[in-house]
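Below is one structure, written out as structure tokens; the observations come after it.
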């Protein structure tokens, strides 16, 4: 049967989109193969070595993406392969959604290719990549579900929402804003199938959070909040979003998207999600930094709304297409300059961090041999060491001056117990025996014999806030729990590395005070899973407001974060 004129036009309009997708995929493949890993990507690779229902920072979907690609080939391309494929699939799905609105193919290509954040996550594998893919898939099936209240579509949407939630917690925003945009959904019986199915499928992650003491909730809602408001977080937010939307065309794309005339429930959904997401993360700048890429899920509705508005306006946009072509050319040339490692690119801070770690990791491994390597305060370098040596011998010692990470959950610390480890530090001391110098970094080496650390030991109290006078004494009852699968003790008799238990007082002005517990702490011995009580005789420091926590320090390390923060006000 011959195609109708409408079908022929549709096939014809698909041709430039398919050509664009081929170019898009090839560019991402080359970029992925030639560019070293971002630190976050290496961290998520270590996730993939310990597959689980959850992790300290994020849900597990990114680990599955990486595990699938890395099982094919252990190189940068393998790690990023699934992201590249889903990026191309996402763009094509966006096109399928927009065909209902008769959007021009060349306008689609110019706007998508000019959106900088799509380029970044066309190959970069972080939780944002799977979230974006499943979000676009959600919009595709939700568009159908609006018109057809089918149980089959409800089942598909329930699975997709669960996948979004398994990708990144930001998915909650998309779900909430979609319901807000169409309250009539609550009248559909099939809507409750979507909700129940998504919840049931997500239950393993919820149980993981419960069993691990809600680490992600505590980190994202409490620990990540800044102690005081930093105005630069707010006024840098808007320029960051404009850059992500395209350095030249962003202002017009945003204007077009948010001035659209709403004519159906789907475009209303896009508008509420776009505006809602941007406003939500702007408001979050009053609590701390909102990184530009956190709004990635807002750019799918942004691009769709702008293209639909172009069609609604039905006016000549020749000037915009010329600007968009220049915008796209700038981005592509910049990406090509990264592929060829042109000198000016290597001077840019964010880009510079992609280069040199492969060589660095092998230089460190030559020093360490088969020994574990401990680095202080940061998951980035240990993760890159692990990836580029294809081992799990790198470990992050997250001290009381840093934050907790997934390294405080993985069973790496247990395997180092009583071994000789190499400790990499950034400045020399009396114990350093050697140094490692590469083009960009200098590290100093100290060997630690018979290492013992207590990162996972839990110190708990029922007190969350204290108000004392300077010099006032207060006895605090602490519960100390051994989470390890072996017995531990804190004795300093006959051991090389002293253990010290104490309270740390952190003040907003950066001053840190320490108070040591009495020596009876060193008499504690605990079997696996066993707990005991210990009384800490606190003496209130000088007047001020503090964040207080309890820490176990073993030389030569700085001491770990073993308790929750207690708000202390000293009058």
Checklist entry - Applying 1/(1 + (r/R0)^6) with R0 = 22 Å to the Cβ-Cβ distance of residue 438 and residue 370, what FRET efficiency is obtained, to the nearest 0.05? => result 0.55
Checklist outcome for this item: Residue-normalised 222 nm signal for the chain, counting each DSSP H run of n ≥ 4 as -39,500 (n - 2.57), nearest 500 deg cm²/dmol, is -15500 deg cm²/dmol
Checklist entry - What order, most packed first, do the peptides 177-184, 554-561, 293-300 have when packing is the mean number of other Cβ atoms within 10 Å of each residue? => result 293-300, 554-561, 177-184
Next on the checklist: Over all directions, the average projected area of the alpha-carbon convex hull for segment 358-448 comes to how many nm²?
Outcome noted: 5.8 nm²
Checklist entry - Given the chain, what whole percent of its Cα pairs are spread farther than 34 Å? => result 49 percent
Checklist outcome for this item: A correct fewest-to-most ranking of 536, 138 by other Cβ atoms within 10 Å would be 536, 138
Item to check | Using a Förster distance of 22 Å, the FRET efficiency for residue 334-residue 73 (Cβ separation, nearest 0.05) | outcome: 0.25
Checklist entry - According to a simple spin-label model (label point 7 Å from Cα along Cα-to-Cβ), what is the distance in nm between residue 353 and residue 314? => result 4.9 nm
Item to check | Burial order of peptide ranges 370-380, 122-132, 234-244 (average beta-carbon count within 10 Å, highest first) | outcome: 122-132, 370-380, 234-244
Item to check | Rounded Å value of the spacing that divides the Cα centres of segment 66-125 and segment 200-253 | outcome: 22 Å
Checklist entry - Just the projected area, averaged over all directions, of the convex hull on the alpha carbon atoms of segment 144-243: how many nm²? => result 9.0 nm²
Next on the checklist: If you average 1/r across every pair of different Cα atoms in segment 468-514 and take the reciprocal, what Kirkwood value do you get, in Å?
Outcome noted: 14.6 Å
Next on the checklist: What is the ratio of the Cα radius of gyration of segment 57-140 to 2.2 N^0.38 Å, with N the residue count, to two decimals?
Outcome noted: 1.17
Item to check | Set of segment 10-49 residues, backbone N closer than 20 Å to the point 7 Å along the Cα-Cβ line of residue 390 | outcome: 32-38, 41-49
Checklist entry - Can you sort 322, 287 by how many other beta carbons sit within 10 Å, fewest first? => result 322, 287
Item to check | Segment residue 535-residue 468, extension gain: residue separation times 0.36 nm, minus the distance between their alpha carbons | outcome: 22.4 nm
Item to check | Net length gained if the chain between residue 571 and residue 106 were fully extended (0.36 nm per residue, minus Cα distance) | outcome: 160.7 nm
Checklist entry - With each pseudo-label sitting 7 Å past Cα toward Cβ, what's the residue 458-residue 342 distance in nm, one decimal? => result 5.5 nm
Checklist entry - What is the helix-to-structure angle for 380-389, meaning the angle in degrees between its Cα long axis and the longest Cα principal axis of the chain, kept from 0 to 90 and rounded to the nearest 10? => result 80 degrees
Checklist entry - In degrees, nearest 10, range 0 to 90: what is the angle between the Cα axis of helix 171-181 and the longest Cα principal axis of the chain? => result 40 degrees
Item to check | Ordering of 56-63, 154-161 by burial proxy (mean other Cβ atoms within 10 Å per residue, highest first) | outcome: 56-63, 154-161
Checklist entry - Going from the alpha-carbon gyration tensor of segment 309-428, what semi-axes, largest first and in whole Å, does one get by taking the root of 5 times each eigenvalue? => result 45, 19, 12
Item to check | Burial ordering of 413, 36, fewest other beta-carbon atoms within 10 Å first | outcome: 36, 413
Checklist entry - Which value does Rg/Rh take for segment 445-528 over its C-alpha atoms, Rh per Kirkwood? => result 1.00
Checklist entry - Can you give the translational diffusion coefficient of segment 423-491 in µm²/s, computed by Stokes-Einstein from the Kirkwood radius over Cα pairs at 20 °C and 1.002 mPa s? => result 128 µm²/s
Checklist entry - What FRET efficiency do you get for residue 498 and residue 22 if R0 is 41 Å and r is their Cβ-Cβ distance, rounded to the nearest 0.05? => result 0.05
Next on the checklist: What is the angle, in °, between the Cα long axis of helix 5-34 and the longest principal axis of the Cα atoms in the chain? Nearest 10 is fine, range 0 to 90.
Outcome noted: 30 degrees
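Where a number appears in this text, it was derived from the coordinates with a stated rule and is not lab data. Just so it is clear, the structure is predicted and the values come from calculations on it, not from any experiment. In this analysis, Cβ positions are derived from the backbone assuming ideal geometry, glycine residues included, and neighbour counts consider all displayed protein chains.
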